[in-house]
Amino acid sequence: MKKIILIGGDLASGKSTYSNILGDKYNILVINKDNLKEILGDTIIVNNREENKKLSVISFDLIRYLIKKNKNNIIIESNFKPYEMDVLKDLCKKLDYDVLSLVFKGDNKVLHQRFLNRLNENRHYVHKSQDFTNIEDFIKTLEELRSVKYIGKVINVDSSNFDYQNDMKLLNEIEHFLNLWKSIFLLIVILVCYNLHKFGGFDYGRWDFRTTRKL
């Protein structure tokens, strides 16, 4: 069964960075919705918030298309909306995906300050259509994002700091979901069999495990 990891949750919680960390570590295709918006925004110029929302809809449609065409494990990162998760639930069921959802949540004030700091960076213009200078507006959006009902196995990630990026327990759960332990076990078996064969102790007939000699 193909695996899909959904990474969503709060704004400015480090979702994109972590998705790319996982993609590089496990050689899995990563699709970031923000990256799709930036690519589209370079060609389709948006001038206001309503146009930006339409760009988000197109980006999600592209995500749906890429999931349908994908033949292997995949990571999708986004600030998922409730209706988007409903669509993904039906799509993953139809395509027989096994789902793991990583939901990032952090301290409101910490995330708000982190978001404001990003505004001073060289951020793409498509990410600047909404004014979150007021923390109350920022928290309202967080509450909307936190209302999403995630699917599959759900793991909540505390993103008030970035300690989770080196959390071995979290990585172990992800690796277990990806069934990487089976690959490691198979590799060990292959290596053992190879060495037994190389040193003359292995045969495909009846095998005495105590003496490593064919009976």
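The values are calculated or read from the model by the stated rules, or taken from the named source; none is laboratory data. Everything numeric here is computed off the predicted structure, so don't read it as measured data. Here the Cβ positions follow ideal geometry from the backbone for every residue, glycine too, while neighbour counts run over all protein chains shown.
Within the set Gly14, Gly8, the sole residue that is in contact with a helix residue (DSSP H, G or I) (Cβ under 9 Å, 6 or more places away or on another chain), buried (at least 18 other Cβ atoms within 10 Å of the Cβ) and on the phi > 0 side of the Ramachandran plot turns out to be Gly14.
The listed residues are Ile151, Ile139, and the only one of them that is modelled with pLDDT of 95 or more and either over 28 Å from Leu66 (Cα atoms) or among the basic types (Lys, Arg) (or both) turns out to be Ile139.
Residues that are of a type in the set (A, V, I, L, M, F, W, C), part of a loop (DSSP other than H, G, I, E, B) and in contact with a strand residue (DSSP E or B) (Cβ under 8 Å, 6 or more places away or on another chain) within the range 132-150 comprise just one, Val148. Of everything listed in (1) assigned to a loop (DSSP other than H, G, I, E, B); (2) buried (at least 19 other Cβ atoms within 10 Å of the Cβ); (3) among the charged types (D, E, K, R), the single unmet condition for Glu84 is (1).
The set of residues from the range 52-69 being over 20 Å from Lys94 (Cα atoms) and in contact (Cβ under 8 Å) with a residue 24 or more places away in the chain comprises Asn52, Leu55, Ser59. For the range 101-116, the set of residues classified as surrounded by fewer than 22 Cβ atoms within 10 Å (Cβ to Cβ), under 16 Å from the mean Cα position of the chain (by Cα) and of a type in the set (A, V, I, L, M, F, W, C) consists of Val103 only. Contact map, the range 139-167: first residue exposed (fewer than 15 other Cβ atoms within 10 Å of the Cβ), second residue of a type in the set (Ser, Thr, Tyr), Cβ cut-off under 6 Å, separation 6 or more or different chains; pairs are Val154/Ser101.
Filter the range 17-29 down to the residues that are closer than 12 Å to Gln165 by Cβ and either touching a helix residue (DSSP H, G or I) at 6+ places or on another chain (Cβ under 8 Å) or of a type in the set (D, E, K, R) (or both) and list them by number. Hits for the range 17-29 are Thr17, Tyr18, Ile21, Leu22, Lys25. The numbered conditions (1) part of a helix (DSSP H, G or I); (2) of a type in the set (S, T, N, Q); (3) farther than 22 Å from Phe177 by Cα are all true for Asn47 except (1). Looking only at residues of the range 117-137 that are among the hydrophobic types (A, V, I, L, M, F, W, C) and surrounded by 14 or more Cβ atoms within 10 Å (Cβ to Cβ), we find that the one that is farthest from Asn35 (Cα to Cα) is Ile135. The residue that is nearest to the chain's Cα centre (by Cα), counting only those in the range 2-18 that are among the charged types (D, E, K, R) and at pLDDT 95 or above, is Lys15.
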